[in-house]
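Undergrad: Pasting in a structure now, in structure tokens, and then I'll have a few things to ask.
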Amino acid sequence: MSHSPQPKSTNLGALGEELVSRWLQERHWQILHRRWHCRWGELDLVVAQVDPQLPSRLLSLAFVEVKTRSSGNWDANGALAITDQKQRKLWKTAQLFLADHPLLADLPCRFDVALVCCRRMSSTREQAIAQPTPSIADNAALIADGYCFVLQDYIPSAFML
């Protein structure tokens, strides 16, 4: 049985994060940071809700954990990967982010989870038919590197600590 090599999972994860970033921007969220690192871990996306009347005013922050999975995965499209331990790690990471960005520390914060499904496109014909990339607002889909990424679910305030 021959399998074609898959790109590194970090590439698939980055493409899933790109899809979610675009989707959030179309909903008037501002991307503040992508893959923010500290000693506790990484925040996939740090986004701010912008006041529509005064775009320079930020209303709230969301720390978005993006889970990109292929079809037939074992963990409910990534939802089961958000364990209590993972939630505590994200909380500590977010605390360090806010300590590094004191001007944002007084904003209301929440933890969102985005579940992205990716599937390898079977042929160049299928890829050609899928082009151009559908509007994120309509379909929340992204075609890249021979894969189709679809936002399966976006869970605002997915957990609280």
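The values are calculated or read from the model by the stated rules, or taken from the named source; none is laboratory data. Predicted model only: the values in this text are computed from it and were never measured. Every residue, glycine as well, gets a Cβ built from its backbone with ideal geometry; the counts of neighbours run over all protein chains shown.
Undergrad: Test of understanding: among 18, 26, which residue is modelled with pLDDT of 95 or more and acidic (Asp, Glu)?
TA: None of the others qualify; the one that does is 18.
Undergrad: What residue, among those in the stretch 60-82 that are more than 19 Å from residue 158 (Cα to Cα) and not aromatic (Phe, Trp, Tyr), is surrounded by the fewest Cβ atoms within 10 Å (Cβ to Cβ)?
TA: Among them, the one singled out is 72.
Undergrad: Now for a different question. In the stretch 29-66, what residues are modelled with pLDDT of 95 or more and polar (S, T, N, Q)?
TA: Once the filter is applied, which keeps residues that are modelled with pLDDT of 95 or more and polar (S, T, N, Q), the stretch 29-66 yields 30, 49, 60.
Undergrad: Looking at (1) more than 25 Å from residue 140 (Cβ to Cβ); (2) touching a helix residue (DSSP H, G or I) at 6+ places or on another chain (Cβ under 8 Å); (3) of a type outside the set (Val, Ile, Thr); (4) loosely packed, with under 15 Cβ neighbours inside 10 Å, which is the only condition residue 88 fails?
TA: That leaves (2) as the condition not met.
Undergrad: I'd like to verify a number: residues in the stretch 1-15 that are part of a helix (DSSP H, G or I) and either touching a Phe, Trp or Tyr at 6+ places or on another chain (Cβ under 9 Å) or at pLDDT below 90 (or both), how many?
TA: 5
Undergrad: Given the structure, is residue 23 outside any loop (DSSP other than H, G, I, E, B), within 19 Å of residue 93 (Cα to Cα) and among the aromatic types (Phe, Trp, Tyr)?
TA: no
Undergrad: Any idea which residue in the stretch 40-66 is farthest from residue 24 (Cα to Cα), counting only those that are charged (D, E, K, R) and in a strand (DSSP E or B)?
TA: That would be 42.
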